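Only the coordinates and a few stated rules stand behind these numbers; no lab work does. Computed from a predicted structure; not experimentally measured. Methodologically, a virtual Cβ is constructed for each residue, glycine included, from the backbone with ideal geometry; neighbour enumeration extends over all protein chains shown.
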Amino acid sequence: MTTLSAAPSAPEGAARSLVERVGIPRPLAWGFVGVLIFMIGDGVESGYLSPYLVDQGVSASSVALLFSVYGITASIAAWFSGALSDLWGPRRVMWLGLGIWIAFQVLFLAVALPTRNYSLLMLSYGIRGFGYPLFAYAFLVWVTAVTPRERLGSAVGWFWFAFTGGLPTLGSLVASGLIPVIGAYQTLWFSLGLVVLGGLLALLLVRERTGAGRLAPPDERPLATLLGSLSILVRKPRIGVGCVVRIINTAPQFGYLVFLPIFFTETVGFSLTEWLRLLTVMFTTNIFFNLIFGLVGDRLGWQRTIAWFGGVGSAVTTLLLYYAPLAAGAQYWLALLVAAAYGATLAGYVPLSALMPSLAPEHKGQAMAALNLGAGASTFVGPALVGLFLGPLGVAGVMWIFAGLYLASALMTTFLRLPAPTGVTPGAGQALADGNDGR
């Protein structure tokens with residue numbers, strides 16, 4: 001592990017140089033480690049909490065309502081994380097998120113679950129939904145605030161690598177190993193320990209000063225800062241377009257979870273276990289390509305990466321996800337291949353997290369709030385489109401709609417051009433506007 005203290009020895013200095021060479025901002029290095037551990041803890045419950053609550057006597061419909069409320073609070077927190085970071089500074093917002101997660105998880109585990117009190121379950125779990133977005137997305141704002149533009153794509157790629165590596169991938173893996181040994185309830189307490197460890201690592205070992213203070217202009221009033229996280233969609237139309245692109249990024253992903261399990265099990269002929277393994281392959285591939293496309297974006301250009309690998313690539317793999325298994329039948333290796341391809345191209349949108357704050361450098365928190373608003377909206381836009389069109393158009397029609405949306409997002413990306421930085425030549429400014437470092 002590397003240290004963030006001053007005056008390193010020669011080996012430590014070499015390690016630090018390696019950290020920077022792979023795209024991690026050195027002053028924030030421990031933050032990425034902390035986010036990974038925090039999100040592992042947050043993700044421990046993702047694969048089993050729903051059936052566990054049903055086993056404890058909570059009805060399936062009540063569990064669904066509980067998870068819906070959690071999704072709503074998480075979406076609200078994702079939006080506020082950027083605006084509050086502008087107002088208070090990312091570090092304070094991260095402390096707030098960590099405190100909310102710990103306090104209401106303790107209430108959930110120590111009181112609500114043992115008593116099976118549904119009102120307390122709803123209160124504790126619902127409010128806990130504010131926790132992880134405030135912690136994790138405030139750190140993302142911090143990353144965008146201190147990382148030089150020419151390395152920002154790599155840095156946000158590492159953020160998403162840590163975020164999705166923890167939730168749900170490694171979190172579910174931890175749960176699968178611990179539940180047979182210590183039980184489901186005790187595993188939830190273990191997840192609390194991971195969250196505390198990750199949160200404290202990030203907040204106590206990162207000493208970078210920018211994140212300790214407000215990011216918005218000092219003369220801007222608090223109410224204007226909060227409202228600005230919505231008005232920026234109109235004040236800066238490119239931010240509004242970027243928000244729509246972010247909705248399109250993952251709306252099909254959430255829509256697929258509504259109907260693809262039925263398509264792959266009943267039409268293609270796979271078992272439920274095989275379908276779940278397809279999902280595992282899809283999102284494991286996505287984790288590593290989140291990092292890869294962050295690096296590619298810094299070299300090839302953020303816009304080009306989003307448009308071609310994200311938009312066009314996801315359109316093609318969306319259609320392959322439907323037509324390849326339909327044509328080949330229950331050829332599992334082919335289904336795994338196209339699932340991995342979709343997960344990879346979905347990561348092509350990673351540079352959007354670098355592009356959006358660069359469109360509004362004076363209000364990076366507001367820009368990230370708009371980005372996070374798009375992320376939250378995608379969780380219900382995708383299923384809503386499925387609900388509207390699956391009946392009249394069938395699976396094929398919905399897949400073509402999603403492919404068309406991906407192509408539309410590729411076209412929208414052409415409007416997300418950055419202004420040339422002050423004091424550079426037009427040629428250099430254009431290179432940076434395309435997301436290149438000029439090398």
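Within the set of other residues whose C-beta is less than 13 Å from the C-beta of VAL143, count the net charge using Lys and Arg as +1 and Asp and Glu as -1.
My count for the surroundings of VAL143 gives +4.
With every atom except the alpha carbons ignored, what do you get for Rg and Dmax of the stretch 309-418, in angstroms?
Answer for the stretch 309-418, Rg first and Dmax second: 16.2, 53 Å.
Between beta-carbons, use under 13 Å as the cut-off and find the net charge around PHE415, counting Lys and Arg +1, Asp and Glu -1.
Within the 13 Å Cβ shell, the charges total +3.
So, by mean Cβ neighbours within 10 angstrom, what's the order for 243-254, 110-121 with the highest one leading?
With the highest mean Cβ count within 10 Å placed first, the list reads 243-254, 110-121.
Whole number please: convex hull volume per residue of the Cα set in the chain, in Å³?
157
Taking the mean number of other Cβ atoms within 10 Å as a proxy for protection, how do you rank 341-351, 38-48, 145-155 from highest to lowest?
341-351, 38-48, 145-155
Could you tally the net charge around TRP101, taking each other residue with its Cβ under 13 Å from the Cβ of TRP101, Lys/Arg +1 and Asp/Glu -1?
Local charge sum for TRP101: -1.
So what's the convex hull volume per residue for the Cα atoms of the stretch 23-214, in Å³?
Normalising the Cα hull of the stretch 23-214 by residue number yields 102 Å³.
Need the C-alpha centroid separation for the stretch 348-388 versus the stretch 248-318, integer Å.
If we compute the Cα centre of each part, the gap is 17 Å.
Quick check on the stretch 179-307: what does the Kirkwood estimate of hydrodynamic radius come out to from the alpha carbon pairs, in Å?
20.1
Quote the relative contact order of the chain in percent (integer), defining contacts as alpha-carbon pairs under 8 Å separated by 6+ residues.
Relative contact order here is 24 percent.
Give, in whole angstrom and from largest to smallest, the semi-axes √(5λ) of the equivalent ellipsoid of the stretch 230-433, with λ running over the eigenvalues of the Cα gyration tensor.
The answer is 33, 18, 13 Å, longest axis first.
Which helices of the chain meet both criteria: a Cα extent of 24 Å or more along the helical axis and a mean Kyte-Doolittle score no lower than -1.0, with helices taken as whole DSSP H segments?
Passing helices, by number: 60-88, 90-107, 184-205, 237-262, 272-300, 364-413.
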